[in-house]
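Trainee: Okay, handing you the structure first.
Nothing in this text is a laboratory measurement; each read-out follows from the coordinates by a stated rule. Because the structure is predicted, anything quoted here is derived from the model rather than measured. FYI the Cβ positions are ideal-geometry reconstructions off the backbone, even for glycines, and counts take in every protein chain you see.
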Amino acid sequence: MNTAKPRSLFIASIPKCGTTWLFNMLAQVTGNTEVRLYGDPVTGAEIDTARIVHAHRESSPWIAMMHLSPGAWASKLFTDCDAAPIILVRNIYDVIASFNDEIEKVVQAGIPPHTTMIYIPDEYMAWETSKKLDFLITIFVPWVTFFLNRWEALDGEKHWVRYEDLVGDTHGTLRRILDVANFQDVSDDRIQQGIAAFSKDRSDLGYKTRFNKGVVGRGAAMLSDAQKDEIRRILGFYPSLDPVSLGILDEA
């Protein structure tokens, strides 16, 4: 029997990587206290790390998620609270395609589309799809490079997870994360129950999965060769980053 103390989980991700889906499955399976970090539900501004400290003191272990890069606080917080950082990434072409879907969906629902990463122009919805993708490549991909560089540079423990692996082998990916967090005693049946509770095929869950299409590989067909080249050009400014090993590109 495993006697190690269960740990907290901190999920950091690029948007549209299945973050909410992973968060809810892990919360269901582990029973960790859910910590909501964002003070503003629309913009996600001002992360309140005090909530994590409070949860650690009152009801450790906890689980939290965010779409932001680590600051100076990160390593100390993870060590002091015994939290395992899970870095969730996805093929950048698919991220761009899904991010456009998300913006269109929230605008149509009457919700301000602005995020912590980029400010969406009022004219966005009137643009042709190709211009929307150009905008996201120009404005959003640099944020992705910042995210990747900051997490790569962070000293200490971190565990990279690919969205493609999460979709292709959900049970196996959850098991690997659970092992990192000392939840080896969680049964396969309990993992399957968590997967079933938040199946990405369930349209009734809404915000609990936040899926648009969730299809692997559609971004490559949606983006032009010139747009793909531009993404590679931006990534090329950071030769220390390996986008293939990080799961951002399928091939160099």
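Trainee: Which aspartates and glutamates have a Cα less than 14 Å from the Cα of Lys16, not counting those fewer than 8 places away in the same chain?
Mentor: Asp94, Asp101, Glu102, Glu104, Glu164
Trainee: Give me a comma-separated list of calculated 3J(HN,Hα) values for region 165-174, in order, Karplus coefficients 6.51, -1.76, 1.60 applied at θ = phi - 60°, integers in Hz, x for any Gly or Pro.
Mentor: 6, 4, 6, x, 9, 4, 4, x, 5, 4
Trainee: Multiply the residue gap between Lys5 and Asp165 by 0.36 nm, knock off their C-alpha separation, and tell me the result in nm, one decimal place. Each step should come with its number before you reach the end.
Mentor: Working: separation 160, 0.36 × 160 = 57.60 nm, distance 2.68 nm.
Contour length minus Cα-Cα distance gives 54.9 nm.
Trainee: Something else about it: Please give the FRET efficiency for Ala196 paired with Met125, using the beta carbon to beta carbon distance and R0 = 22 Å, rounded to the nearest 0.05. Show your work: numbers first, answer last.
Mentor: Working: r = 36 Å, r/R0 = 1.64.
Calculated value: 0.05.
Trainee: Arrange the following residues from fewest to most other Cβ atoms within 10 Å of their Cβ: Tyr163, Tyr238. Write down the numbers at each step before the final one.
Mentor: On the way: Tyr163 26, Tyr238 14.
Sorted ascending by nearby Cβ count, the order is Tyr238, Tyr163.
Trainee: Can you list which of the chymotrypsin sites (Phe, Trp or Tyr not before Pro) found in region 61-151 are DSSP loop residues with at most 14 other C-beta atoms within 10 Å?
Mentor: Details: sites: Trp62, Trp73, Phe78, Tyr93, Phe99, Tyr119, Tyr124, Trp127, Phe135, Phe140, Trp143, Phe146, Phe147, Trp151; in loops: Trp73, Tyr119, Trp127, Phe140.
Sparse-neighbourhood loop chymotrypsin sites (Phe, Trp or Tyr not before Pro): Trp73, Tyr119, Trp127.
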